[in-house]
Amino acid sequence: MSQSFDINELREEARTRWLKPSEVYYILQNHKRFPITHEAPKKPPSGSLFLYNRRVHRFFRRDGHTWRRKKDGRTVREAHERLKVGNVDALCCYYAHGEQNPCFQRRCFWMLEPAYEHIVLVQYREVAEGRYYSSQLSNGPPESLSSLGYPHAIYGNQYLSSTSGTSEGSESHQSYSNLSSVTEVSSYSGNKEYNKDGGSLLSIPELGQTCLEQTTEVYRADNDNSKNKSGLNVALKKIAEQLSLGDDEDDYIYTNQVQPLGFATNIEATDKKDDNQIGLGRNIAPSWEDVLHSSSGLPTPSIYQVEKSQSSFYEDLQAWFAMENRFGEGLGHHACMQQVGPKLLGRNDMRQMIMEKLLLDRNGGRNCTVICINAGSGHGKTSLLHALYNDQVLTDTFDKSIWIQLSAKSDMLMLFKKIVEVAMNDHCSIANLGCLQEMVKEEISDKKFLLFLDDADIEDRQFWSTVLEVFNAGAKGSAVIMATMSDTVSTFRDVATHFLLLNPLSEESNLMLLQQCAAVGTDIQSNPDLLMVAHRIISRFGGNPLYLKAIGGLLCHADSSLEIDKFEGNGMPLQLCHDVLPIHLKKCLAFCSLFPHGYIFHKHHMVPQWISHGCVRPAEGCELEDAGIGYFNELLCRSFFQYSPVHNDRFVMHEIIYKVVESVSLDKYFKSEDPTSSIPENILHLSLVSSQFQTIELMYRTEELKVLQTFLVVQPEWQPCKISFPTLKLVGLDDFFLKFTSLETLDLSHTDTEELPGSIVGLRNLQYLSVNSTSIRALPSELCCLSNLQTLEAKDCRFLTELPGDTKKLIKLRHLDVTKDLGYVQLPHGVAQLTELRTLPVFHASSDPSHCCVSELGNLHNLRGCLQLSGLESVKTGSKAQEANLKDKYHLKDLTLQWHGGGINVDDEDDDEDTEDVAEQVLESLQPHTNLQELTIRGYEGSAFPDWMQGSSSLPSLVTLTLDGCCNCTRFPTIAQLPSLKFLSVRKMYDVKRLTSNTHGTTKFPSLELLNLWEMYGLEELFEASEGDCPRLRKVCISRCPDLKRLPCAPSLTELVLHCGHQLPDIPELASLVSLKIEGFHGVKSFSLPASAALPMLKKLEIRSCKELSSVEGPSALTTVQRLKVAGCPKLVLPRADSLRT
């Protein structure tokens, strides 16, 4: 495929002959060197050659010519097939014949490789009348091959022609004596063609006779020796491969097995179609033997029948939908794989092989193992990395796992900066490469790290050599896993220690993938008709898992009402999946094109913007937000979104899908990543993307625009630190607002904006306003005149302390978020009038009459999601708190109740008793609805918990409970029987001695998985465990509980962390414990570990920062330990290394 050509010669050759596949492939692969045609020409003549980008110009087929149409008369009849270049399927080709003049033909070519499939080469040619084969030729067979959809002539890598001094017939026969030597195939129309040297190509009648002679010879041999039956089938397949340039209505697919003589084929020939099985009727097509023997009068053998696949992709979809209707519940949809969560299919062998390479740690003397995975776009590289990143075995093996998403714009500075930011979880403003390299080395020097580099397509050997030299500073056993599409990167043999090529999925895995993505409620393989359709779909798209997932999503959500026009000539599966979307989902995706590739989407952040954009349609009995979440979930099911590898609750858009979405949105949506680039004047929706601080003159940048409905400032990627530095300083906001009064969505987040001008009052259509992470000190009072505003976000504005007094006038407001880490933003009196509010993440109760009090929550009946209710120390009576009416807010899922900012009250101790009584009354009156799933109580001043926290009836749905700073409480609430509680965290309950009383007959903590205890200075034991208690507990972390003497027996516990105590508590028999970490027992001089029989599964033992520790009894007996790590224990002397299996 590396052959090169002269483009000027190809243009001349295209005037007189069809281009060969290798020539077409060269042009498409190097399309950037050739001019692109932006408008379809009007009736281009024979010999014309055009190059299109169909993402920009989708209707390149509308060329003014009249082409032969299908029987329905609506769509152009185009034959199509894949062409080989160098024995590899490389090109897709569509053929059309003129309606009035069938000798005039058009061929459209594009590459199968996803990165190039949007570039199309179109060639027009008129073949002379004398060369076009017809049934009127006297020397032809009785039935024309062309009428069956077969090509009229072919050529191979070697022209099938005679040379001087050789007869045409003998040369033709010789040329086909070894079909396997033909590596390139194309199609010609004509009885005879001539090569450059004057030799003639094989004509159709001659070709038919040649094939006939060969197949007859094989057939006769077959009668003599039954073992040669498969050889005939192979020979016929090879001939068919060279000749199969026919229409999609006449594609012949050979059956997998040759039937013995005298037996009928397993496919019945019928023309009947059941009303409930649209498109399922199948006819037996004439085999190649039928065609060839019919021209010679020989009998047609029945053993070599082939199945005729008449259906188009549209008909396959209709057949699928018809079976859904026919079988009803049998094919009913269930939750699709994408909504359930990411799952790796068909790659477990590769995953296991990579894990073995990582765990065996054989890297030829290097500290760092480097594994390079190579595959095309959409073939599952990221999914494989995702599975490895979340693998618990690898998490336990390595000290730190880091995920870095690279891009074409990434350089060494950016890479090291990202690593530092992720490792330190903070913003890094250092721009000196040498300094960053040293910081990375320091960060990884004593750690066994695992680094994932996705989209590592930087084709610079020096780049990788320098980067990997830095990574080699990590502890021995560290590893880097990089995924790349670049064949160049995969050839850098001195860079990686292992190179792995991701092979296509197996047929079984493709079927499973299609079944899960189509959400079919039955086993496809148990339904023969469904299996047949599935195989045809897989044969079209199974080479790329992303395509198959997208088609599965289409099958899951579409129905038989799909318009056939959407399928006309559309060979790009992802483009097709986009084209058949409902208009509201197309608008949602178009809005997403304003965000850069690689952006991490949060559905609850996107939905309010979609609503302001008019994407979400109101439905009876359904909230707009619920409808928007449904839209997002459907796009997730259709594979337009995928789970983020790093954030389980966030999502990304695959590069190929992003390009499709971007290409169809260019006319109205524009993303500006270059401050010097011009903005098209017809744009209605604009975003500015910047990763480095710069000043933007708004009026200069938008001077060509007349109307603007959306203006966003977007950070190019997720930042590890919550409060990030500003990326833009916008100059001219006042004039900007005066000019663009049609703005509906405005996001100025992460800009160096200190105030909003009063001219914002003119934005009467504004529905969404975000000023997150800005330097704004106060919002203008004019803002309160925006009667259509639905979303107001001012999160992490460090200097903002209160909202305007007339905020209550924003009566359509549905989302108000003024969250900040330090301090709070006061809400003005009258918030109770904002009855349309759906989300109010923070509410600070105040005793100041100009600010809102807790009782104003009572009118906000529609609150949902999370609510942090702070300032409860200002609530003086239980009756006042009861007016908040939390018990009836059934949409609330997450509630935080906070006194004194979560800290300890240091007021006059004389009021302590009264304060305790008031706090207990307030908490009793703030009982939530039984639907609540997460509850946090901070700084509670009472000494006892309320009745609704005793027992299981009041909080049956509670999954997470956090008690922080409840210092006056002496008894733990009775929560051991909560049926849904999975995560329990307790901090600073100084006088509690045990978590629960010893009750018998009921299972304690039936669903608990994670237990965290900090600063429980009086805690002596957790509870006395009985058989069956804590059946799901997997991790326990205990810190600063110095009086804790023993731990309960928990058979399912896999990870135990003990931190900072006066003595090591007794560790009981823990049959499932895999990891044990002991840290910060500074005064302890020695301790004993349980015998191996008590910890039979222990693999990882870590002892850190025990300054006085001099001896540990028992580690040599722990024969199952595979990794022992000791750090910060200067006096500790361990047994000889050969007595430990480390």
Reach of Lys876 by Cα under 23 Å, taken over lysines that are not fewer than 8 positions away in the same chain = Lys887, Lys889
Go through Lys1100/Lys1131; Lys447/Lys982; Lys417/Lys1077; Lys448/Lys1077; Lys729/Lys795; Lys448/Lys795 and tell me which ones have a Cα-Cα distance over 28 Å in this structure.
-> Lys447/Lys982; Lys417/Lys1077; Lys448/Lys795
Inter-part distance where region 24-49 and region 834-878 are each reduced to a Cα centre, Å = 65 Å
Per-residue ³J(HN,Hα) for region 637-643, Karplus 6.51 cos²θ - 1.76 cosθ + 1.60, θ = phi - 60°, Hz, x for Gly and Pro = 5, 7, 6, 6, 10, 9, 5
For Asp426 and Arg540 in the same chain, what is the full-extension length gain: residue separation times 0.36 nm, less their Cα-Cα distance, in nm?
-> 36.4 nm
Given a Förster distance of 25 angstrom, what is the FRET efficiency for Ala619 paired with Glu836, based on the Cβ-Cβ distance and rounded to 0.05?
-> 0.90
Taking neighbour counts of Cβ atoms within 10 Å as a proxy for exposure, in what order, fewest first, do Met424, Met949 appear?
-> Met424, Met949
Table column - 3J(HN,Hα) (Hz), region 841-855, Karplus curve with 6.51, -1.76, 1.60, x for Gly and Pro = x, 10, 9, 9, 6, 10, 8, 6, x, 7, 10, 6, 10, 4, 5
Could you line up Lys1125, Lys42 from fewest to most neighbouring Cβ atoms inside 10 Å?
-> Lys42, Lys1125
Which of Cys797, Cys435, Cys103 comes first, and how do the rest follow, when ranked by fewest Cβ neighbours within 10 Å?
-> Cys435, Cys103, Cys797
Quick one, what does Rg over Rh come out to for region 450-574 if you take C-alpha atoms and the Kirkwood Rh?
-> 1.15
Cα-Cα pairs in region 1067-1142 separated by more than 20 Å, as a whole percent of all pairs, come to 26 percent
Using 1/(1 + (r/R0)^6) with R0 = 56 angstrom and r between the beta carbons of Leu1010 and Leu666, what's the FRET efficiency to the nearest 0.05?
-> 0.70
Return the distance in nm (one decimal) between the two label points of a simple spin-label model at Val393 and Glu508, each offset 7 Å from Cα along Cα→Cβ.
-> 2.0 nm
Reachable lysines from Lys566, Cα under 26 Å, same-chain residues fewer than 8 places away excluded?
-> Lys42, Lys43, Lys70, Lys71, Lys273, Lys308, Lys549, Lys586, Lys587, Lys659, Lys668
When the label point is put 7 Å from the Cα of Ser850 along its Cα-to-beta-carbon vector, which residues of region 774-805 have a backbone N closer than 19 Å?
-> 777-784, 799-805
In nm, give the distance between the simple-model label positions of Leu822 and Tyr700, each being 7 Å from the Cα along the Cα-to-Cβ direction.
-> 3.5 nm
How big is region 507-672 by the Kirkwood estimate over distinct Cα pairs, in Å?
-> 16.9 Å
Over region 1005-1063, how many percent of alpha carbon pairs lie in each 5 Å bin up to the one with the longest distance?
-> 4, 19, 31, 23, 17, 6, 0
FRET efficiency for Asp349 and Glu438, Cβ-Cβ distance as r, R0 = 45 Å, nearest 0.05?
-> 0.65
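Since every read-out is calculated from the coordinates, none of them should be taken as a lab result. These figures come from a predicted structure and were not determined experimentally. Ideal geometry is used to build each Cβ from the backbone, glycine not excepted, and the neighbour counts take in all protein chains shown.
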